[in-house]
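Inspection log for the structure reproduced underneath, given as structure tokens.
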Amino acid sequence: MENFTRWHLIFAGIENVWLRVLVLFLAIAALYFSWHGIKVIPSRNKRALLFALRALATALFVMLLLQPHIEQKDVLKLKNKIVCLADNSESMTLKGGDTGITRFQLVKNFFHDNASFIEELENTFDVDYLSFSDAIREISFNGLKNDLALDGANTDIVQTLKLLKKRYEGKSVKGYLVFSDGADTTELPSSLDKGEIISKLAKDLAAPIFTFSPAGNMETRDIAISAVSYDSFTFVRSPWKADVVVKVHGYKDLRLPVTLKQGNDIISSKVLDTGNESELHIDLSFTPQTTGTFLYTVSLPIQPHEAINENNQVSFLVKVVRDKIRVMHVCGRPSWDVRFLRRVLKSDPNIDLISFFILRTPTDVSEARNDELSLIPFPVDELFTQALNSFDLVIFQNFDYRPYETAFFRFSHYLTNLRRFVTEQGGGFMMIGGDISFSQGGYDGTPLDEILPVSLNTGKDTIDPTRLKAVLTHDGQKHPVTALDANSERNAAIWKDLPELDGCNVITEMKPDSLSLATYPIKGNPTLVSVRDTGRGRCMAITTDSLWRWNFLSIGKGGSNRHYIKFWQNSIKWLIKDPTLNPIHVIVNKETFLPGEEVPIRIDAVGGNYQPLDGVQLDIDITNEFSGKSTFTAKGVTGADGQYRFTIRHDTEGYYIIKVTGKRENDEIGQDHTVFAIALKNKEFQDTSIRRDILAKIAEISGGKYFELPVKNIGEKISIENPAIVKLVGKRQISLWDNGYIFMAILAIVSAEWWLRKRGGLS
């Protein structure tokens, strides 16, 4: 900056130019006629003196009319601005290929190799140094060269351009020098075109932008999962798919196994042939079998000499919920029990029922062709191979499979599929009694015998037609299937008041790990309702085909069928592991937290009537999902609102599983778990490519130039305008006419001129 003074003569009396011209013309005309009037004076000296006095008087009169001033201006000469921006995101720490040089080292080398150019810039311009990633920060030149922290977790070019426009609005910026790898990590809504937005903002800066990026030999050797597109919300037993984008830099012709894991279990995998491609897409899919929030991880094997290992896997949480409960109901023959159960299932809007009545089997003799019969064949193969895994629950009600055990059908093969559906896929299975069910249906020794809660024996199992009431067992008093009322005493009274049943299948042997919830009070107390957890799924056995009496007779006596409906609702919820039956719920208000951020956790405990349950003793354990190491353990007790709240903090990134077990009076009442993540939202290493296209576009749109580092003698390759710019810091005006001496001079001149004229004998 430089201070100096400027002087200007201004006329304040008559501002109109033409009026000024007229005044000068009249003054000249007056002098002209005055000269002609004094020619008669014989003395040349007198004529000259008289004309001089008149000319001076005329000049003073003109001065009075024009009112001249001298204006003094103090001005400051300013420098135009140049802005140097250095990318300080973490991607600038990456080393290029086999060079061993980081991307930011090239930026430092530029300032060293072009020191004379930078010195000239600083002498000629006012140079600002800024760093940028997701925001811009002012730094010094020495800070840029020596101790700039490369810790930006994201690069937002759109936001950077917006901040530059706001920061330098109204300032004389003549050029921007931008040093970056162009790795923009921000995502905009699909309706917006990021390229167009960047181009518009670059043009709005109204100054050329000179961009510098690492050259081609600086590409990093890396294989990265740059993006995973998936639905964070899906339905149980419905196919779920993830679209994985893999970017390959510095490698060719690889065969990469891409795996999808749930926790530590591989649930899907494919082999990816990279060839010479730099970007590849692959779909991974599977069908979730249980509800809840689960952690999934897509991973790639680490290759030799990879610069970044962290981007070889991506983890995310998916919430699996139930849309509708899909139930397959297979009935051996029509009956009252079938009719009333189907009515309950069909009346529930949450149940999607597929029901089959076996009115004709392959062994039935028919003289007509199949296409001429109104009864379609039982679609065994389609149901128990293609469509089986789409169901949540399969019910066999008094169904004899043996007519289908032929050389053509081999129904025992489908029973194996059904066992696998329960044990491996987590499905539910229920068998309901009758004269062609259990051992009478030939199920002893079959794959279903392995998963049922009762042990079948053809020689010993019989049918007892005695009409008696069901008796609730000790386990049945606590189990959610037989909880027809939240109050245990009222529940016991309800079971005693239920109508009698028309006998049962007499099965006395129970599997060791099964529970008998109700028995039939005949010799040996055979089980009537029994349940069992089998592998991932659950099974139930009801050894009677007369539960319909709980509906029909209760209404006939003026009562209600609500207990009958409640029993079936409880049974279905338990078989499909409906989370509403779980008395313990762990709730975290969001899925992802920053390191050190407070994680609020709430545990709810409810009783059989779904009302808050106080005094529940809670065992809490939080473990790292991948390492399996416990990071937090505690005990708590629910209050009067049935809740227990606490907070934790974790600094280590990763996924954590919260497991809670609830006990009351030393009896376990339930368990629950959920998952949350501790993670920095760092996208810098998802795609390690250098986006030269973005930087070149910015330079082109703004009227600048794009360069690849390293570059020397930059002063010979770019030209920056530097027009003069001054700033007024003060001014004052000195009047040349507004004082008494002017008026006295006019009076003296006019008097002297009059006296001379009189002495010369002039008028």
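The values are calculated or read from the model by the stated rules, or taken from the named source; none is laboratory data. The structure presented is a predicted model; accordingly, all values stated were derived computationally and were not measured. All Cβ positions, glycine included, derive from the backbone under ideal geometry; neighbour counts span all protein chains shown. Protein only, heavy atoms only, side chains kept; ligands, DNA and RNA dropped before computing areas. Shrake-Rupley method; radii C 1.70, N 1.55, O 1.52, S 1.80 Å.
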Requested in this report: Name, by its number, the condition in (1) in contact with a helix residue (DSSP H, G or I) (Cβ under 6 Å, 6 or more places away or on another chain); (2) buried (at least 20 other Cβ atoms within 10 Å of the Cβ); (3) under 30 Å from P579 (Cα atoms) that does not hold for P499.
Outcome: (3)
Query - Selection from region 52-94 of residues that are over 30 Å from W35 (Cα atoms) and in a loop (DSSP other than H, G, I, E, B) - result: K79, N80, N88, L94
Query raised in the report: Could you give every pair whose Cβ atoms fall below 8 Å, whose first residue belongs to region 467-483 and is closer than 17 Å to V506 by Cβ and touching a residue at least 12 places away in the same chain (Cβ under 8 Å), and whose second residue is open to solvent by less than 80 Å² (accessible area, probe 1.4 Å) and among the charged types (D, E, K, R), counting only separations of at least 6 or pairs across chains?
Result: R467/E500; R467/D502; L468/E500; K469/E500
**Report entry** Residues satisfying the stated conditions in region 243-272, i.e. of a type in the set (A, V, I, L, M) and over 22 Å from the mean Cα position of the chain (by Cα)
**Finding:** V248, L254, L256, V258, I266, I267, V271, L272
Query raised in the report: Which condition number does G275 fail, the rest of (1) open to solvent by less than 50 Å² (accessible area, probe 1.4 Å); (2) under 22 Å from the mean Cα position of the chain (by Cα); (3) small (G, A, S) being met?
Result: (2)
Query raised in the report: Restricting attention to region 200-221, and to residues there that are touching a Phe, Trp or Tyr at 6+ places or on another chain (Cβ under 8 Å) and either among the β-branched types (V, I, T) or at pLDDT below 90 (or both), which single residue is farthest from E279 (Cα to Cα)?
Result: I209
Query raised in the report: Just one of the numbered conditions (1) among the acidic types (D, E); (2) under 30 Å from D222 (Cβ atoms); (3) more than 33 Å from the chain's Cα centre (by Cα) is not true of D128; which one?
Result: (2)
Query raised in the report: When both residues are 6+ apart or on different chains and their Cβ atoms are under 8 Å apart, which pairs have a first residue that lies in region 578-595 and is outside any loop (DSSP other than H, G, I, E, B), and a second that is polar (S, T, N, Q) and surrounded by 14 or more Cβ atoms within 10 Å (Cβ to Cβ)?
Result: P579/T291; L581/N570; I584/T661; I584/Q671; V586/T674; I587/T674; V588/T674
Query raised in the report: Within region 615-628, which residues are open to solvent by 30 Å² or more (accessible area, probe 1.4 Å) and either more than 22 Å from V314 (Cβ to Cβ) or assigned to a strand (DSSP E or B) (or both)?
Result: G615, Q617, D619, D621
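Quick one: in region 338-359, which of the residues that are open to solvent by 50 Å² or more (accessible area, probe 1.4 Å) and either over 42 Å from the mean Cα position of the chain (by Cα) or of a type in the set (A, V, I, L, M) (or both) is modelled with the lowest pLDDT?
Pass one, region 338-359, residues open to solvent by 50 Å² or more (accessible area, probe 1.4 Å): 339, 342-343, 346-347, 349-350, 352, 354, 357, 359.
Narrowing the set further to residues that are either over 42 Å from the mean Cα position of the chain (by Cα) or of a type in the set (A, V, I, L, M) (or both) leaves 339, 342-343, 354, 357, 359.
Values: R339: 92, R342: 92, R343: 92, I354: 88, F357: 79, L359: 52.
Looking at residues that are open to solvent by 50 Å² or more (accessible area, probe 1.4 Å) and either over 42 Å from the mean Cα position of the chain (by Cα) or of a type in the set (A, V, I, L, M) (or both), I get L359.
So if I check each of K108, K166, K95, which one is within 25 Å of G715 (Cα to Cα) and either open to solvent by 30 Å² or more (accessible area, probe 1.4 Å) or among the small types (G, A, S) (or both)?
Details: K166 fails: within 25 Å of G715 (Cα to Cα); K95 fails: within 25 Å of G715 (Cα to Cα).
Criteria check complete, one pass: K108.
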Requested in this report: Among the candidates P595, P612, P579, single out the residue that is more than 18 Å from A483 (Cβ to Cβ) and open to solvent by 20 Å² or more (accessible area, probe 1.4 Å).
Outcome: P595
Query raised in the report: Tell me, which residue of region 446-470 that is in a loop (DSSP other than H, G, I, E, B) and at pLDDT below 90 is most open to solvent (accessible area, probe 1.4 Å)?
Result: K460
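For region 130-176, which positions are assigned to a strand (DSSP E or B) and under 22 Å from I694 (Cβ atoms)? Steps first, please.
Residues of region 130-176 assigned to a strand (DSSP E or B): 130-132, 136-139, 152, 173-176.
Result: L130, S131, F132, I136, R137, G152, V173, G175, Y176.
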